[in-house]
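Please read the structure below before turning to the comments.
The values are calculated or read from the model by the stated rules, or taken from the named source; none is laboratory data. Keep in mind it's a predicted model, so treat the numbers as computed, not measured. With ideal geometry, Cβ positions are generated from the backbone for all residues, glycine too; neighbour counts draw on all protein chains shown. Keep in mind that these areas ignore ligands, DNA and RNA; they rest on the heavy atoms of the full protein, side chains included. Shrake-Rupley method; radii C 1.70, N 1.55, O 1.52, S 1.80 Å.
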Amino acid sequence: MSNATPIRKAVIPAAGLGTRFLPATKAMPKEMLPVVDEPAIQYVVAEASKAGIDDILMITGRNKRAMEDHFDRAPNLEATLEAKGDTKKLEAVRHATQLGDIHYVRQGEAKGLGHAVLCGKQHVGDEPFAVLLGDDLIDPRDELLTTMMETQQQLGGSVIAVMEVPEENVSSYGVVDAGGADQEEGAQVVPVQGLVEKPAVEDAPSNLAIIGRYVLHPAIFAQLEQTPPGKGNEIQLTDALQAMAGKPAAEGGGVHAVIFRGRRYDTGDKLSYIKAVVTLAVDREDLGPDLRAWLKEFAGQL
C-alpha cells in the first residue's frame, strides 16, 4: 500500500510538569534542561527538521514560555554577540530559530498523551503526521524517524517505534503484540496485532515497549475523540492505536512497529538524563578527549 500524501508536520507534546526533576523544574520546563549545551527539546526539534519536517506544533502548558523564547529570535543578544565578533555563539543562538516553523497550543488540562495529540487536530488537518515526545531523545547519530516515515508511506496506517526492554520493566511502558514476528531474524518492521498500556509483567504480550516516536494516520483524531479515559484516568494514545490496529486500511487502520536498536534517552528520568549528557559530550570534538581522560581517572577511583 502507498500513501501519496507527504509527511510535513510534527506534533511535540511538551505539557508535562516534570515532577521527576523537582525542584529543578519548579520554574523551568523539564524540556529546557540542558543536554551538554542545548536544551533537550532542541534535540527533538532538530530530529524532526533532519527528517524533512519543517512545520512543528508544540503542545504546551503553563510555565512553558521559556520554550517559546528559546526558539524565537533574540535581537539584543544577537546584536551583543555580533558586536563582540563572537560568530560561533551567534550561529549557535540563531540555529534554534532556523529549525522550522514552530507553532504552540496549550493543552489546558492534563488529560493524557491521547488528549495532547488531539489538541493538534486543527493544525494537522487531513494528512499523516509525526509525533515526537518532548522528553524522549534519540541519539542524533542513529536513524529512526526517517525510517518510520518511509514505512508509513509504503504501508499506510500508523507506525510506532518500539524497543526491546527487560521483562521486569514492561509495566512502565505501552507494550505491543507483534504475533511473534519480532522473533524473526533481523526483523525491523513488524505488524502490530494489539497494544496495551503499562501491563503487569505476567500480562505483557511481549517485551517490545513503545517509545516516544509515532507517525500517525489522520484517522487517529476521530478515534481519539471517542476513546474513553483509560490507565490513570487519562486518554491514552495506546488505547486509540489498539482500536486502529483492528480497522481496515481504507479507514486509516493498520499499525506497524519499527524496532529501534539504537541509543535512546528518557530525559525525564534522572539516570537516563545523566547518561545522555555524558554519552553525547564524550562524542564531541571540543569536550570528548578531556572528558574521556577524566572518566577513566574517575572510574579508577570507584
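Screening Leu137 on (1) surrounded by fewer than 21 Cβ atoms within 10 Å (Cβ to Cβ); (2) assigned to a strand (DSSP E or B); (3) not aromatic (Phe, Trp, Tyr) shows it passes everything except condition (1).
In region 211-246, the qualifying residues are those that are without any contact (Cβ under 8 Å) to a residue 24 or more places away in the chain and of a type in the set (A, V, I, L, M), and the one that is nearest to Val196 (Cα to Cα) is Ala243.
Of the residues that make up region 29-48, is at least one within 30 Å of Ala250 (Cα to Cα) and touching a residue at least 24 places away in the same chain (Cβ under 8 Å)? Yes. Restricted to helices (runs of 4 or more DSSP H) entirely inside region 230-301, those with at least 1 residues that are farther than 25 Å from Lys111 by Cα and modelled with pLDDT of 90 or more are 270-282, 288-300.
Only one entry in Gly262, Gly268 is buried (at least 16 other Cβ atoms within 10 Å of the Cβ), of a type in the set (Gly, Ala, Ser), at negative phi and touching an Asp or Glu at 6+ places or on another chain (Cβ under 7 Å), namely Gly268. Checking Pro199 against (1) in contact (Cβ under 8 Å) with a residue 60 or more places away in the chain; (2) farther than 23 Å from Glu143 by Cβ; (3) surrounded by 16 or more Cβ atoms within 10 Å (Cβ to Cβ); (4) not β-branched (Val, Ile, Thr): exactly one of these is not met. Which one? It is condition (1) that Pro199 fails. Against the criterion of being crowded, with 20+ Cβ neighbours inside 10 Å and more than 24 Å from Gln42 (Cβ to Cβ), Ile220 qualifies. Inspect region 156-174 for any residue being closer than 30 Å to Val35 by Cα, β-branched (Val, Ile, Thr) and open to solvent by 10 Å² or more (accessible area, probe 1.4 Å) and give the result as yes or no. For region 156-174, residues closer than 30 Å to Val35 by Cα, β-branched (Val, Ile, Thr) and open to solvent by 10 Å² or more (accessible area, probe 1.4 Å): present.
For Lys111, state whether it is modelled with pLDDT under 95, of a type in the set (Lys, Arg), open to solvent by less than 50 Å² (accessible area, probe 1.4 Å) and under 24 Å from the mean Cα position of the chain (by Cα). The answer is no for Lys111. Look at (1) modelled with pLDDT under 90; (2) open to solvent by 80 Å² or more (accessible area, probe 1.4 Å) and you find that Lys64 fails only one, number (2).
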